[in-house]
Amino acid sequence: MRMKRIACLMFALILLSVLSGCAREPAQEVSASPGSVVVGFSQLGAESSWRIANTASMVNAADSYGFALMMENANQKQELQIKSIRSFIASRVDVIVFSPIVETNWDNVLREARQAGIPVILMDRMIETADDSLYTAYVGADFYAEGRKAGEYLIRKADALGADHLNIVEISGTIDSTPMRDRQRGFMDVIGTDPRFNVIASISGDFLRSKGEECMADLLARFGPEGIDVVYSHNDSMTLGALDVMEQAGVRPGKDILVISVDGEADAVRALKDGRINCIVQCTPALGGSVMSLVQGLVSNRSIPRVSHPVEAVFSDFDDLTDPALEGF
Ligand code: GZL
């Protein structure tokens, strides 16, 4: 019966995605044994190495738990995430997991999930809602702490350099996303009252490498290499784009302009070791194990923690960067 139900679910999902003409990718199901738990997972996109590693973490963890994972990729479109959640509800999955691309406008579809008796786990990003009962748990980084860590590094660096005035430009992530909002808020709460620091611009690169390049080119055109002392970029993909543009302009990133980044992907860690990035605040994509552990708790009728944050570090030019264990994801 269970396998017949999953087969029907798959047919229904494929049919839905064809009929709805939506661009979301049809559900990819991780094979599972009959009678397994079915998890509906809406992933927001594939915008960065972080996101790709995060998806792999979810797929691997579902497989290790023996769960059937119905995964749909929304290609950076909230409306496609909402469609996916509705299709999971129609398919009567056991648990819904999703990474909300932005914080707002989720109440209606999450009320439908609650009405259907399907628990929802937020993975990686939060939602803004007046009704906390719309989701059961959040698994993901403390982005405010990440922003604070970036600010604390900059204060330490300014102290070490004896700098008395630093112009900062911020290349932020997807507007209204939790990491963008909280990495900015945490950073500003640490450096905002220090007279040495002046944030002269903040523009969004949407977590994309290509837009990180565009942002850096725009900032250099507006302020000139001499007018910028620090780049604070909300993820490594945008940072790596910005490094290329700085070097094409004759700037030595990490020396002429300080570079602070977030995530910890392998190419960025290599740039850190090469002195092209000064600080990386770690943001781990490996959330799948924690998510599936909560799913196991839910289907076993155990109580589960409301918020789960991974332990995350900071890597910088104050550290011994020769450690081979420091390699990124
Ligand atoms: C953070 C995650 C962010 C990463 C980016 O948990 O939401 O989205 O920092 C990714 O690389 O695109």
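The values are calculated or read from the model by the stated rules, or taken from the named source; none is laboratory data. Keep in mind the model is a prediction, meaning the values are calculated, not measured. Neighbour counts run over all protein chains shown; Cβ positions are idealised from the backbone, glycine included. Ligands, DNA and RNA are excluded from the accessible area calculation, which covers all protein heavy atoms including side chains. Shrake-Rupley method; radii C 1.70, N 1.55, O 1.52, S 1.80 Å.
Descriptive notes on the structure:
- Rounded to the nearest whole Hz, the Karplus-based 3J(HN,Hα) values (6.51 cos²θ - 1.76 cosθ + 1.60, θ = phi - 60°) of the range 319-329 follow the sequence 9, 7, 8, 7, 4, x, 5, 7, 9, x, 10, with x at glycine and proline.
- Contour minus Cα-Cα distance for residue 193 and residue 116 (0.36 nm per residue): 22.9 nm
- For the pair residue 201 and residue 300 in one chain, pulling the backbone fully straight at 0.36 nm per residue adds 30.7 nm over the alpha carbon distance.
- In straight-distance terms, cross-link reach from residue 211 covers every one of the lysines whose alpha-carbon lies under 30 Å from its own, apart from those fewer than eight places away in the same chain; here that gives 77, 83, 149, 157, 255, 273.
- Listed residues 282, 81, 115, most fluctuating in the chain (Gaussian network, C-alpha, under 10 Å): 115
- By accessible area, using a 1.4 Å probe on protein heavy atoms only, the chain has 52% of its surface on carbon and sulfur.
- Screening the chain for whole DSSP H helices with an alpha carbon extent of at least 20 angstrom along the helix axis and a mean Kyte-Doolittle hydropathy of at least -1.0 yields 2-19, 49-65, 143-161, 209-223.
- With each label modelled as a point 7 angstrom along the Cα→C-beta vector, the residue 323-residue 63 pair spans 2.9 nm.
- Selected from 120, 251, 295 as most flexible by GNM, with the chain as the system and alpha-carbon contacts under 10 Å: 251
- When both the range 48-94 and the range 282-316 are represented by their alpha-carbon centers, they are found 16 Å apart.
- The chain, helix-only ellipticity at 222 nm - DSSP H runs n ≥ 4, -39,500 (n - 2.57), divided by all residues, nearest 500: -13500 deg cm²/dmol
- Bins of 10 Å from zero: percent of alpha-carbon pairs in the chain: 6, 26, 30, 20, 13, 4, 0, 0
- Sorting 273-279, 308-314 by average packing, meaning the other beta carbons within 10 Å per residue, from highest down gives 273-279, 308-314.
- Overall dimensions of the range 143-283 as given by Cα atoms, namely Rg and Dmax in Å: 13.2, 35
- Largest GNM mean-square fluctuation across 238, 180, 188, computed for the chain with C-alpha springs under 10 Å, falls on 188.
- Extension gain, residue 247 back to residue 160 (0.36 nm per residue minus Cα-Cα distance, nm): 28.9 nm
- Of interest is the spacing of the C-alpha centroids, which for the range 167-188 and the range 247-269 amounts to 17 Å.
- Accessible area per residue for the chain is 41 Å², calculated with a 1.4 Å probe on protein heavy atoms, without ligands, DNA or RNA.
- Backbone amide hydrogens, once placed in the peptide plane, bring residue 259 within less than 5 Å of 231, 254, 278, 279, excluding anything fewer than 5 places away on its chain.
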